[in-house]
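Read through the structure below, which is laid out as structure tokens, and then see the notes.
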Amino acid sequence: MLFHVRMDVRIPHDLPSKETAEIIAREKAYSQELQRSGKWRHIWRIAGEYANYSVLDVNDNVELHEILSGLPLFKFMDIEVTPLLRHPNAIREDDT
Ligand SMILES: O=C(O)C[C@H]1C=CC(=O)O1
């Protein structure tokens, strides 16, 4: 199942910089591992914002929730999820 996910990151300004750097490093490792596994298909920076658009390919809503709630930055994010399905006019065969 494909999901489009928007993540807006709002790290409190008073979080110590060492802690911020450590969370961001863990976030990178976590998302890159999921990208390597194929579960996290796309991640795009939204120009001018500390936010991203991502496409995740997961088994079900439960797995999506587990992945998103496991993000090291989860508690500092606003997340918006949109379920996707194949468009009837799509011509790419390898993109279900
Ligand atoms: O958009 C961001 O920078 C937050 C984030 C979510 C996954 C990731 O690798 O970075």
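The values are calculated or read from the model by the stated rules, or taken from the named source; none is laboratory data. Values in this document were obtained by computation on a predicted structure and should not be read as measured data. Positions of Cβ are backbone-derived with ideal geometry, glycine not excepted, and every protein chain shown enters the neighbour counts. What goes into the accessible areas is simple: the full protein's heavy atoms, side chains included, and nothing from ligands, DNA or RNA. Shrake-Rupley method; radii C 1.70, N 1.55, O 1.52, S 1.80 Å.
All told, I91 falls short of being surrounded by 15 or more Cβ atoms within 10 Å (Cβ to Cβ), β-branched (V, I, T) and not in a helix (DSSP H, G or I). Look at E80 and say whether it is assigned to a strand (DSSP E or B) and open to solvent by 60 Å² or more (accessible area, probe 1.4 Å). Here the answer is yes, as E80 does meet what is asked. Contact annotation: no residue pair with Cβ atoms under 6 Å, 6 or more positions apart or on different chains, pairs a residue in the range 4-21 that is farther than 28 Å from V55 by Cα with a partner that is surrounded by 10 or more Cβ atoms within 10 Å (Cβ to Cβ) and not acidic (D, E). One residue stands out in the range 50-62 among those that are in contact with a Lys or Arg (Cβ under 8 Å, 6 or more places away or on another chain) and of a type outside the set (S, T, Y): the one that is most open to solvent (accessible area, probe 1.4 Å), namely D57. Looking only at residues in the range 1-57 that are among the β-branched types (V, I, T) and more than 12 Å from the chain's Cα centre (by Cα), the one that is farthest from F74 (Cα to Cα) is I46. Taken over the range 18-66, residues that are of a type outside the set (G, A, S), within 12 Å of the ligand (Cβ to nearest atom) and within 23 Å of L85 (Cα to Cα) amount to 11.
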